[in-house]
1. For Val26, tell me the accessible area in Å² from a 1.4 Å probe, rounded to the nearest 10.
2. Using 7 Å Cα-to-Cβ label points, what is the Val21/Cys38 separation (nm, one decimal)?
3. Mind giving me the nanometre distance, one decimal, between the label points for Val112 and Gln146, set 7 Å out from Cα along Cα→Cβ?
4. Could you calculate the FRET efficiency of Glu63 with Thr128 from 1/(1 + (r/R0)^6), where r is the beta carbon distance between them and R0 is 22 Å, rounded to 0.05?
5. At 1.4 Å probe size, what's the solvent-accessible area of Asp16? Round to the nearest 10 Å².
6. What translational diffusion coefficient, in µm²/s and rounded to a whole number, does the Stokes-Einstein relation yield for segment 35-148 at 10 °C and a viscosity of 1.306 mPa s, taking the hydrodynamic radius as the Kirkwood radius over Cα pairs?
Amino acid sequence: MMEGAYGGGKAGAAFDPITFVQRPQVILRAACWDGNACNYGVGISVIAFLASIGFIVGEYLFEQMPSIKTRKHYVLGDLGFSGFWAFLFFVGFCYLTNQWNKTEEIAGGIGVNNMQAAIAFSFFSIFTWAALAYLAFRRYKQGAEQAFAPSYEAEPGNEGGYSSYPDAVDPDGGYSQPPFNNTQQPQAGMMPQQAPTY
């Protein structure tokens with residue numbers, strides 16, 4: 001594999017997740033996560049807190065978004081982030097519980113309540129973020145259905161036909177003759193048109 005500047009690939013190249021995971025930097029950074037379960041829980045919680053603020057602002061501005069594409073991107077972003085964060089909290093819950101089970105009994109019980117609270121909040125966060133992902137999915141599905149719905153509705157009792165103006169009255173009861181007839185008389189001052197001869 002040919003590498004570009006500073007050991008990276010060419011800019012704009014396709015992303016390969018397998019190659020990414022096999023990089024030594026990525027492996028070592030992932031190993032750094034394993035050494036401290038609390039930092040993982042704190043990290044995803046802080047990012048979730050900041051993202052929640054951002055999504056609340058997005059909800060406030062949602063009604064003012066004039067573009068359907070902008071609304072679609074917002075809903076898809078909400079769906080993807082919420083689903084991914086539910087997964088990360090599930091991983092965090094399993095990780096914190098596993099590390100807590102391996103921990104020896106602490107003298108005096110210092111920090112026990114904090115750790116139990118972190119595990120409990122990680123567990124409940126799975127359901128709150130999963131519920132947010134479900135609501136975003138429902139919103140996306142509703143928007144997709146409306147995007148392909150017809151923009152008109154047939155009048156009751158007039159399915160398949162054209163409707164007339166409600167106050168329109170035709171005094172003649174309709175056309176008495178075809179609108180373009182060769183027997184019409186020319187108006188005053190106008191020459192009758194002759195059919196072309198071939």
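The values are calculated or read from the model by the stated rules, or taken from the named source; none is laboratory data. None of the values given here were measured: they were computed from a predicted structure. Backbone-built Cβ (ideal geometry, glycine too); neighbour counts: all protein chains shown. Remember, those area values only see protein heavy atoms, side chains included, never the ligands or the DNA or RNA. Shrake-Rupley method; radii C 1.70, N 1.55, O 1.52, S 1.80 Å.
1. Here the accessible area works out near 40 Å².
2. About 3.1 nm, to one decimal.
3. Reported label-point gap for Val112 and Gln146 is 5.3 nm.
4. Calculated value: 0.40.
5. 70 Å²
6. Rounded to a whole number, D works out at 100 µm²/s.
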